[in-house]
Amino acid sequence: MKKIYFCKENDVSKKVFKHIKEKYPDITVKRKGCIGECKTCKRCPFSLIDGKKIIKCDTDDELFAKLNKQILKKAK
């Protein structure tokens, strides 16, 4: 995993963005104006991994847990 993107329009994922950026400084974590997932963006917190895989959840805590799990899995 090299890059994680968050949409600037998705306010719920702001907290997750900050936590991931602080916890994993070696991974590129960015907020973009729009990443083309408007339907998902309106409904729930989400992120895009390496420009391909979308991780979406019901809560920001769940999103953080899933991203953390993905990062740790890739590190092995």
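Looking at region 1-18, which of the residues that are open to solvent by less than 80 Å² (accessible area, probe 1.4 Å) and not in a loop (DSSP other than H, G, I, E, B) is farthest from K66 (Cα to Cα)?
Of region 1-18, the ones open to solvent by less than 80 Å² (accessible area, probe 1.4 Å) are 1, 4-7, 10, 12-13, 16-17.
With not in a loop (DSSP other than H, G, I, E, B) added as a condition, the list becomes 4-7, 12-13, 16-17.
Details: I4: 12, Y5: 14, F6: 14, C7: 17, V12: 15, S13: 13, V16: 11, F17: 13 Å.
So, considering only residues that are open to solvent by less than 80 Å² (accessible area, probe 1.4 Å) and not in a loop (DSSP other than H, G, I, E, B), the one farthest from K66 (Cα to Cα) is C7.
On the basis of being within 10 Å of the chain's Cα centre (by Cα), over 16 Å from K8 (Cα atoms) and not hydrophobic (A, V, I, L, M, F, W, C), does K23 make the cut?
Details: within 10 Å of the chain's Cα centre (by Cα): no; over 16 Å from K8 (Cα atoms): yes; not hydrophobic (A, V, I, L, M, F, W, C): yes.
It is false that K23 is within 10 Å of the chain's Cα centre (by Cα), over 16 Å from K8 (Cα atoms) and not hydrophobic (A, V, I, L, M, F, W, C).
Taking the conditions (1) among the hydrophobic types (A, V, I, L, M, F, W, C); (2) open to solvent by less than 80 Å² (accessible area, probe 1.4 Å); (3) in a helix (DSSP H, G or I) in turn, L72 satisfies each one other than (2). Among the conditions (1) open to solvent by 30 Å² or more (accessible area, probe 1.4 Å); (2) without any contact (Cβ under 8 Å) to a residue 40 or more places away in the chain; (3) within 20 Å of H19 (Cα to Cα), R43 misses just one, which is (3).
Going by the conditions given, is L63 buried (at least 16 other Cβ atoms within 10 Å of the Cβ), in contact with a Cys (Cβ under 8 Å, 6 or more places away or on another chain) and not in a loop (DSSP other than H, G, I, E, B)? Break it down into steps so the answer makes sense when it comes.
Details: buried (at least 16 other Cβ atoms within 10 Å of the Cβ): yes; in contact with a Cys (Cβ under 8 Å, 6 or more places away or on another chain): yes; not in a loop (DSSP other than H, G, I, E, B): yes.
So L63 fits the description; yes.
Test C57 against the criterion of being among the hydrophobic types (A, V, I, L, M, F, W, C), farther than 18 Å from K18 by Cα and open to solvent by less than 80 Å² (accessible area, probe 1.4 Å), and give yes or no. Spelling it out, it is not the case that C57 is among the hydrophobic types (A, V, I, L, M, F, W, C), farther than 18 Å from K18 by Cα and open to solvent by less than 80 Å² (accessible area, probe 1.4 Å).
A quick yes/no check of all residues on (1) of a type in the set (S, T, N, Q); (2) touching a strand residue (DSSP E or B) at 6+ places or on another chain (Cβ under 6 Å):
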{"residue": "C38", "(1), (2)": "no, no"}
{"residue": "L48", "(1), (2)": "no, yes"}
{"residue": "K52", "(1), (2)": "no, no"}
{"residue": "T59", "(1), (2)": "yes, no"}
{"residue": "A65", "(1), (2)": "no, no"}
{"residue": "Q70", "(1), (2)": "yes, no"}
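State all residues of region 26-40 that are farther than 13 Å from K2 by Cα and open to solvent by less than 30 Å² (accessible area, probe 1.4 Å); if no residue qualifies, say none.
Going residue by residue through region 26-40, those that are farther than 13 Å from K2 by Cα are 31-40.
Correct list: T40 only.
The values are calculated or read from the model by the stated rules, or taken from the named source; none is laboratory data. Since the model is a prediction, treat every value here as computed from it, not as a measurement. Neighbour counts are summed over all protein chains in view; Cβ atoms, including those assigned to glycine, are modelled from backbone coordinates with ideal geometry. With ligands, DNA and RNA removed, areas are computed over all heavy atoms of the protein, side chains included. Shrake-Rupley method; radii C 1.70, N 1.55, O 1.52, S 1.80 Å.
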